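These notes are about the structure you will find just below.
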Amino acid sequence: MTPADDFRCAPWTAAQGIDPIGSATRFDRLVTVEVPGPWPADVGALEWIAPLDIPAGVRVQAIVPESGREDGTVLLTRWERAGARLAGIDCLVSADEVAESLATLAVGETPDADVTTAPDEVLVCSHGARDRCCGGPGTRLAIEVRAALPHVRIRRTSHLGGHRFAPTALTLPDGRMWAHLDAEMLACIVRRDVSTGEARAFYRGNVALDAWSQVVEGSVLEDSGWSVADFDELSGASTVDGDRASVALEWTSGGTTDDRTAVVEVASRYPVLQCGLAPEDAKKQSPEFALVG
């Protein structure tokens, strides 16, 4: 096994033309906490996060503090599902209150703290200790897109899943994950300056849905445009039989409820590279999904 730059996971995956749809991490609640780096490969080992009893459907992320505060306070943010979107609150707490406040937010309660409504934001994975394709490219993406989106909060975060699709990002409050981004494309997605047909090639899926339903929702996004796909309500039900599933998707947009049923299958399985190692040395594989009817 000879390490080679030719086998970095994200460029290799992009070169294979693998569709990222269906790779978004599903959750109903997201909690972020500012933690200075460097982080370990698993942020679950961090002092504030390790003791947490994290409920199912909850994800906890570390955030790079972009600037220190003179009073030493730490910013925690919770995004909670409210229909198809997520509603966010910011909590500013002292360092000795972080552990208790983080545990409170993780179970869906609100701490006794300075709480305000969170602005729309973009989380960009820049977790270099997890994967080098996220570290350098993700950090550059976050820096570059700030210039294009000066009125949007851009934050660097820990592993979002899917390092093979780096640079990756999560847009909030719509709860969509994106792949293989550059600053121009990410800015166009956030501003809705790109057609949904073009954006679909970079789309990993909606975090409200399971992988099978994400594939069907991706087709709705592609076909219907932003005005429809900025849903008010969204739900999906998948009946899985091996490498195939029947999906029933339902959504409400602009006061109108609609639905789509479809069959999704695993079209192929591909190696998830460890950066520097050849595909045959990969320790796991991931499915590539396709809409078949």
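The values are calculated or read from the model by the stated rules, or taken from the named source; none is laboratory data. Every value quoted in this text rests on a predicted model; they were computed, and no experiment measured them. A quick note on method: Cβ atoms are made from the backbone with ideal geometry, for glycine too, and the neighbour counts reach across all protein chains shown.
Restricting Leu76, Leu52 to those that are crowded, with 19+ Cβ neighbours inside 10 Å and either assigned by TED's automatic domain parsing to the domain that holds Pro287 or in contact (Cβ under 8 Å) with a residue 12 or more places away in the chain (or both) reduces the list to Leu76. Of the listed requirements (1) at pLDDT 95 or above; (2) not assigned by TED's automatic domain parsing to the domain that holds Glu222, Ile189 misses just one: (2). If I filter segment 138-161 for residues that are in contact (Cβ under 8 Å) with a residue 40 or more places away in the chain, surrounded by fewer than 23 Cβ atoms within 10 Å (Cβ to Cβ) and touching a Phe, Trp or Tyr at 6+ places or on another chain (Cβ under 7 Å), do I get at least one hit? No, segment 138-161 has no match at all. When Arg29, Arg59, Arg69 are checked against the criterion of being of a type in the set (Lys, Arg) and surrounded by fewer than 17 Cβ atoms within 10 Å (Cβ to Cβ), Arg69 stands alone in meeting it.
With respect to the stated conditions, Asp281 fails to be surrounded by fewer than 16 Cβ atoms within 10 Å (Cβ to Cβ), under 20 Å from the mean Cα position of the chain (by Cα) and not aromatic (Phe, Trp, Tyr). Out of Pro55, Pro38, Pro20, one residue alone is part of a loop (DSSP other than H, G, I, E, B) and more than 19 Å from the chain's Cα centre (by Cα). It is Pro38.
Taken over segment 177-199, the residue count meeting the criterion of being under 20 Å from Thr13 (Cα atoms) and either in contact (Cβ under 8 Å) with a residue 40 or more places away in the chain or crowded, with 23+ Cβ neighbours inside 10 Å (or both) is 8. The residue of segment 202-232 that is surrounded by the most Cβ atoms within 10 Å (Cβ to Cβ), among those that are in contact (Cβ under 8 Å) with a residue 40 or more places away in the chain, assigned to a helix (DSSP H, G or I) and in contact with a helix residue (DSSP H, G or I) (Cβ under 9 Å, 6 or more places away or on another chain), is Gly218. The requirement of being assigned by TED's automatic domain parsing to the domain that holds Trp12, modelled with pLDDT of 95 or more, in a strand (DSSP E or B) and under 23 Å from Ala201 (Cβ atoms) is satisfied by Val264. The single condition from (1) over 30 Å from Val247 (Cα atoms); (2) touching a residue at least 40 places away in the same chain (Cβ under 8 Å) that Gly68 fails is (2). Could you say whether any residue in segment 161-179 is modelled with pLDDT of 95 or more and at positive phi? Yes; the residues of segment 161-179 include at least one that is modelled with pLDDT of 95 or more and at positive phi.
Among the candidates Ala41, Ala106, the residue that is aliphatic (A, V, I, L, M), within 30 Å of Trp212 (Cα to Cα), in contact with a Leu (Cβ under 6 Å, 6 or more places away or on another chain) and surrounded by 13 or more Cβ atoms within 10 Å (Cβ to Cβ) is uniquely Ala106.
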